[in-house]
Amino acid sequence: MKKIALSLFSRETPSGKPSPKSYPWYLELTEALNNSGYYTIQVGIQKEKDIGAIVRWNDLSAEGLVKTAREIDSYISVDNFFPHLMQYYAPEKRGIVIFSQSNPLIFGYPTNKNLLKDKKYLKNDQFSFWDSTVSIKAAFVSPEIVVTSLKEIL
C-alpha cells in the first residue's frame with residue numbers, strides 16, 4: 001500500500017483569514033484516495049480541519065517532517081511549505097502540487113506534477129501578500145484530476 005502524505009491547507013493569512021491556497025475539496029479527495037487503496041497521512045497543524053486521512057501527523061518538528069519526507073511514497077500538496085521541504089530533503093520523490101492563483105512556473109518544481117486549472121485565475125501580482133486575495137473554489141482542479149495525476153506518477 002503506497003503511503004501518500006497530504007498537505008492540503010496553507011497557513012492563515014497574517015490577518016487570520018483562511019488561505020485562498022487551501023484546497024476546497026479536501027474531504028472528497030481524501031475519500032477517493034482511501035477508496036483507491038492508498039495509505040493517506042494528513043500532515044499539518046493541530047488547528048487544521050480533519051480531512052479523513054487514515055492517520056494524522058500534527059505539529060511535527062523539523063526532524064519529524066524530514067523523517068516523513070523519507071518514509072512516504074509520494075505526496076499531494078497545495079502551494080505551501082511542504083513541496084519546498086520535499087524538494088530539498090527528498091527530491092527523488094515526485095508529488096502532486098495543486099495550484100490555484102499562484103503560478104507553478106514561478107513556485108513549482110519541474111520534478112513534480114504541478115496542476116493548474118486555468119491561467120485566468122492567476123493573481124496579477126504573484127509576490128503580493130494573500131490577505132487581499134479572495135478564495136476562488138472554481139480555480140482548483142477536481143479531486144478526480146488529482147487522483148488520476150497521482151496514478152500517473154506512481
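Of all positions in the stretch 102-117, at least one carries a residue that is at pLDDT 95 or above and among the basic types (Lys, Arg). Among residues that are within 18 Å of residue 151 (Cβ to Cβ), more than 15 Å from the chain's Cα centre (by Cα) and surrounded by fewer than 17 Cβ atoms within 10 Å (Cβ to Cβ), residue 71 is not included.
Of all residues in the stretch 128-154, those that are under 14 Å from residue 29 (Cα atoms) have Cβ atoms under 7 Å from Cβ atoms of residues that are at pLDDT 95 or above and assigned to a helix (DSSP H, G or I), 6 or more apart or on another chain, in 143/28; 143/29; 143/32; 146/29; 147/32; 147/33. The residues on offer are 66, 43, and the sole one that is surrounded by fewer than 21 Cβ atoms within 10 Å (Cβ to Cβ) and in contact (Cβ under 8 Å) with a residue 12 or more places away in the chain is 66. Within the stretch 81-93, residues that are more than 15 Å from residue 2 (Cβ to Cβ) have Cβ atoms under 8 Å from residues that are surrounded by 17 or more Cβ atoms within 10 Å (Cβ to Cβ) and β-branched (Val, Ile, Thr) in these pairs: 82/43; 83/97, counting only partners at least 6 apart in sequence or on another chain.
Checked against (1) surrounded by 16 or more Cβ atoms within 10 Å (Cβ to Cβ); (2) touching a residue at least 40 places away in the same chain (Cβ under 8 Å); (3) in a loop (DSSP other than H, G, I, E, B); (4) touching a helix residue (DSSP H, G or I) at 6+ places or on another chain (Cβ under 8 Å), residue 49 passes all but condition (1). Contact annotation: residue pairs with Cβ atoms under 6 Å, 6 or more positions apart or on different chains, pairing a residue in the stretch 97-119 that is within 14 Å of residue 153 (Cα to Cα) with a partner that is among the basic types (Lys, Arg), are 111/94; 112/94. Any residue in the stretch 128-148 that is under 15 Å from the mean Cα position of the chain (by Cα), under 17 Å from residue 20 (Cβ atoms), surrounded by 12 or more Cβ atoms within 10 Å (Cβ to Cβ) and of a type in the set (Ser, Thr, Tyr)? Within the stretch 128-148, not a single residue is under 15 Å from the mean Cα position of the chain (by Cα), under 17 Å from residue 20 (Cβ atoms), surrounded by 12 or more Cβ atoms within 10 Å (Cβ to Cβ) and of a type in the set (Ser, Thr, Tyr).
For every residue, the table says whether it meets (1) hydrophobic (A, V, I, L, M, F, W, C); (2) under 30 Å from residue 124 (Cβ atoms).
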{"residue": "14", "(1), (2)": "no, yes"}
{"residue": "18", "(1), (2)": "no, yes"}
{"residue": "25", "(1), (2)": "yes, yes"}
{"residue": "42", "(1), (2)": "no, no"}
{"residue": "47", "(1), (2)": "no, no"}
{"residue": "62", "(1), (2)": "yes, no"}
{"residue": "77", "(1), (2)": "no, yes"}
{"residue": "84", "(1), (2)": "no, yes"}
{"residue": "97", "(1), (2)": "yes, yes"}
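Could you say whether any residue in the stretch 16-36 is under 23 Å from residue 130 (Cβ atoms) and part of a strand (DSSP E or B)? No, the stretch 16-36 contains no residue that is under 23 Å from residue 130 (Cβ atoms) and part of a strand (DSSP E or B).
Within the stretch 97-127, if we keep just the residues that are of a type in the set (D, E, K, R) and farther than 22 Å from residue 27 by Cα, the residue that is surrounded by the most Cβ atoms within 10 Å (Cβ to Cβ) turns out to be 123.
The values are calculated or read from the model by the stated rules, or taken from the named source; none is laboratory data. Just so we're clear, the structure is a prediction, and the values are computed from it rather than from any experiment. Quick reminder, even Gly has a Cβ in these numbers, built from the backbone with ideal geometry, and neighbours come from all protein chains shown.
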